[in-house]
């Protein structure tokens with residue numbers, strides 16, 4: 001998109017009278033009652049077809065018009081100065097260990113229920129299992145030491161005769177628990193958390209969601225702590241859903257699968273399908289065997305994020321070999 005006339009059309013759509021540029025949030029909020037962050041608008045602009053905004057009646061395409069307005073007027077430097085996340089920034093992750101008090105209650109309950117529920121069937125496990133919340137790690141309202149806003153807690157649940165753990169946020173004031181992860185899986189392998197922010201050893205995971213903005217401290221807690229990271233997408237294997245890769249003059253739809261991310265630069269992700277040597281797990285790889293050429297694709301980073309900016313990727317082979 002180029003040409004001042006297009007910018008003027010977009011601004012006039014939001015009530016610009018030739019003076020100061022109207023604030024995007026206020027203008028859009030007055031028209032729709034929705035709460036859009038500036039960073040969110042820039043992400044939407046990167047997903048939108050800008051030609052559609054130029055060729056359409058912008059007064060009837062307010063979300064697209066505002067996205068283009070944000071793309072043109074709000075530079076990354078301005079957004080960062082305002083404290084908004086850079087929409088081109090590579091997503092960050094941490095690997096965490098889990099255990100401690102959760103292991104203790106699991107082992108105790110496993111032994112106890114083997115005897116208490118012998119021959120009684122699944123119902124016994126449902127009614128007899130100790131589901132007391134165990135504290136995993138304190139969480140804080142900001143990236144600094146102070147009074148915790150709450151705790152990450154885990155509660156055991158029964159599925160048939162098997163136990164699993166649910167992760168929740170428990171308010172420090174008591175009485176409020178917000179489910180975060182319904183089943184943490186085999187926590188002996190730890191878990192990977194995607195981050196909304198990271199600062200000086202403090203991390204704010206996306207997993208808190210509706211529970212609010214909460215931070216995990218560098219020291220973690222008795223049942224959970226960071227063992228690696230923060231790290232980005234680059235140089236790792238990730239499970240992706242179907243995604244359209246950018247190609248001059250069109251696009252190529254990549255099927256869902258596991259891909260190696262080679263680089264993340266300027267809002268673009270270079271990736272290729274996984275190769276046997278990416279996860280050899282000790283198996284010998286015949287380097288003389290002929291392999292077909294491996295294509296490398298360029299995918300806009302925005303296509304790997306949801307509307308909130310959270311990455312929609314999964315760690316491949318989280319249990320290792």
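Any read-out appearing in this document is the output of simple, stated calculations on the displayed coordinates, not a laboratory observation. No experiment lies behind these values; they were computed from the predicted model shown.
Computed from the alpha carbon atoms alone, the convex hull of the stretch 183-245 holds 156 Å³ per residue.
At the listed q of 0.17 Å⁻¹, the Debye profile of the stretch 92-231, built from one uniform point per Cα, gives log10 I(q)/I(0) equal to -0.89. All C-alpha pair distances within the stretch 166-321, sorted into 5 Å bins from zero, spread as 2, 7, 14, 18, 18, 15, 12, 8, 5, 3, 1, 0, 0 percent across the bins. Based on alpha-carbon centroids, what's the gap between the stretch 108-161 and the stretch 194-256 in Å, whole number please? Cα centroid to Cα centroid, the span is 26 Å.
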